[in-house]
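Here is the structure we will look at, set down as structure tokens.
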Amino acid sequence: MSQQIVIDSLAFMQEAGSLQGELRIAQLSRTHDWLAQTSGAVAYRVSAVSGERGQSQLKIEVDGVLQLRCQRCLEAMEYSLQLNSRIELVSSEAEITQEELEDDSRDYLPAQQELDVVALIEDEIILALPFAPRHESCSVPLAGPRTSKVLPFAALAALKGKPA
């Protein structure tokens with residue numbers, strides 16, 4: 001059973017709220033495709049802050065170590081996660097201009113009465129993971145012991161009574 005933390009994002013901002021704790025990696029099910037192991041936990045902190053122009057923002061900090069699966073050798077590799085992001089709250093998506101949407105340095109989220117904080121943290125973790133994690137140096141795993149070369153027409157030769 002996964003833990004759920006729900007906040008009213010506007011009330012959270014008005015109260016200058018702050019949440020912190022630990023999330024078990026096993027409960028972050030959408031991250032499991034990247035992971036070699038689901039043991040352990042990550043520490044998080046979500047705070048209400050004001051941006052440079054006074055805009056309401058959620059500051060999300062996550063620290064922990066994940067065991068990712070190396071895409072080359074398929075073995076576990078340690079990945080130190082130190083996430084620090086800010087998401088600007090807007091009253092509606094219509095409030096955001098096209099120019100603001102194209103600005104990759106800012107992220108937006110419509111204010112919600114029931115914002116799932118765990119899902120938001122998991123989204124941020126997924127966005128922070130490397131696309132194809134790999135060890136600095138490792139080798140491709142072998143499929144098993146090499147057998148003698150298979151001759152595709154050997155069965156036909158046997159049917160004709162000739163050696164392959």
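The values are calculated or read from the model by the stated rules, or taken from the named source; none is laboratory data. Just so we're clear, the structure is a prediction, and the values are computed from it rather than from any experiment. Here the Cβ is made from the backbone with ideal geometry for all residues, glycine too, and neighbour counts use every protein chain on show. All accessible areas refer to the heavy atoms of the entire protein, side chains included, with ligands and DNA or RNA removed. Shrake-Rupley method; radii C 1.70, N 1.55, O 1.52, S 1.80 Å.
Side notes on the structure shown:
- For the criterion of being at pLDDT below 75, of a type in the set (Gly, Ala, Ser) and part of a loop (DSSP other than H, G, I, E, B), Ala164 passes.
- Some residue of the range 91-106 being modelled with pLDDT of 90 or more and open to solvent by less than 70 Å² (accessible area, probe 1.4 Å): no
- Tallying residues that are touching a His at 6+ places or on another chain (Cβ under 9 Å) and either open to solvent by 60 Å² or more (accessible area, probe 1.4 Å) or charged (D, E, K, R) (or both) within the range 56-88 yields 2.
- Scanning the range 14-35 for residues that are surrounded by 18 or more Cβ atoms within 10 Å (Cβ to Cβ) and part of a loop (DSSP other than H, G, I, E, B) turns up at least one hit.
- Residue tally, condition open to solvent by 50 Å² or more (accessible area, probe 1.4 Å) and touching a residue at least 12 places away in the same chain (Cβ under 8 Å), over the range 41-55: 1
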